[in-house]
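Worksheet: the structure to be examined is printed underneath.
The values are calculated or read from the model by the stated rules, or taken from the named source; none is laboratory data. Just so you know, these numbers come straight off a predicted model, no measurement behind them. As a convention, Cβ positions derive from the backbone with ideal geometry for all residues, glycine included, and neighbour counts pool all protein chains shown. These area figures cover heavy atoms from the full protein model, side chains too; ligands, DNA and RNA do not enter into them. Shrake-Rupley method; radii C 1.70, N 1.55, O 1.52, S 1.80 Å.
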Amino acid sequence: ERILEELGLIKFFQQYKTFNNFSFDLVGFFRLIVYGRILNPASKFATVNQNNRYYDPVLTDFYKYNIYDTLDFIYNYRANIVNKMNKALLKSFGRTTNCIYYDCTNFFFETERPDDDTLDDDGNVIEKGIRKFGVSKEERHLPIVQMGMFIDEQGIPICIETFSGNTLDHLTVPESLKNVDDLNYQRYIFVGDRGMYRGNNSAHLINRNNGYIVSKSKIGRAHVWTP
């Protein structure tokens, strides 16, 4: 609870609850999600059911399905939440971002059918389905979702982005870098594995006066460039 307060998140959720005129306890549901993830991970609905197991219940007189409204809010305001945490981490927690580290993983879904793409009247893709067949890290032949994440020098996540399961690792880098650019960091060095190296990715970094270190196979050498 103290960390949530020092990150400015309790005040953030309180202000936005008032701003959006929510009738349900947005802050309480947010607390439950965080507490449950740390103490006893479960589905989101099961996490709400843990409310009465606390010595002092977080919620009183609540409608359980507002948990999904809370998730919608977190998704819609995810950039604001990340920016809020980033400012607090820089100011009060000693975050350093001279080097930032990036990697991808993916997670599967227990369904045999991938998501369909949304098409316009001419058959052009408006929005790609998120669950697609791709190269599963767990070697399962099930639809997956790609996830790319940056961490700082302390190992604390900077930002997370999801992509369609058939997106190659190096293609996730430009979109993920936009999230970092939005945080207005000073010059940094991007560190990643060889799957992240492509000319347009290195050009993006160089054009913004950043550097990069990207590994290659043992036969070759690592790519290193710093301005």
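Carbon-plus-sulfur fraction of the accessible area of the stretch 98-207, 1.4 Å probe, in percent?
47
Build a GNM of the chain with springs between Cα atoms under 10 Å: which of 56, 115, 103 gets the top mean-square fluctuation?
For the chain, modelled as a Gaussian network with Cα springs under 10 Å, the answer is 56.
Which option, [x] 68, 40, 36; [y] 62, 46, 36; [z] 99, 41, 30, is the value of Cα extents along the principal axes in Å that was calculated from these coordinates?
Computed from these coordinates, Cα extents along the principal axes in Å corresponds to label [y].
Distance between Cα centroids, the stretch 53-125 to the stretch 12-44: provide it in whole Å.
13
With each pseudo-label sitting 7 Å past Cα toward Cβ, what's the residue 99-residue 52 distance in nm, one decimal?
5.1
Which lysines, if any, have their Cα less than 30 Å from the Cα of residue 132, not counting same-chain residues under 8 positions apart?
44, 178, 216
Give a quick list of GluC sites (Glu not before Pro) in the stretch 98-140 that DSSP marks as loop, anything other than H, G, I, E or B, with at most 13 other Cβ atoms within 10 Å.
Answer in residue order: 110, 112, 138, 139.
Among 39, 90, 26, determine the one that fluctuates most according to a GNM of the chain built with springs between C-alpha atoms less than 10 Å apart.
39
Could you give the size of the charge dipole of the stretch 1-130 about its Cα centre, using +1 on the Cβ of each K and R and -1 on the Cβ of each D and E, expressed in debye and rounded to the nearest 20?
It comes to approximately 1020 debye.
Run the numbers for residue 213 and residue 87: contour at 0.36 nm per residue of separation, minus the present Cα-Cα distance, in nm.
Taking 0.36 nm per residue and subtracting the Cα distance, the gain is 42.8 nm.
With both bridge residues required to lie in the chain, what share of the DSSP beta bridges run antiparallel, to the nearest 5%?
Percentage antiparallel, nearest 5: 75.
Give me the 1.4 Å probe accessible area per residue for the chain, excluding ligands and nucleic acids, in Å².
Per residue, the chain has 62 Å² of solvent-accessible surface.
If you put +1 on each Lys and Arg Cβ and -1 on each Asp and Glu Cβ, how big is the dipole of the chain around its Cα centre, in Debye rounded to 20?
For this selection, approximately 940 debye.
Net charge around residue 104, counting only other residues with Cβ within less than 11 Å of its Cβ (Lys, Arg = +1; Asp, Glu = -1)?
Summing Lys/Arg as +1 and Asp/Glu as -1 gives -3.
Using only the Cα atoms of the stretch 1-112, build the gyration tensor, take square roots of its eigenvalues as a ≥ b ≥ c, and label the shape rounded, prolate or oblate: rounded if a/c is under 1.5, else prolate if a/b is larger than b/c, else oblate.
Note, shape of the stretch 1-112 comes out oblate.
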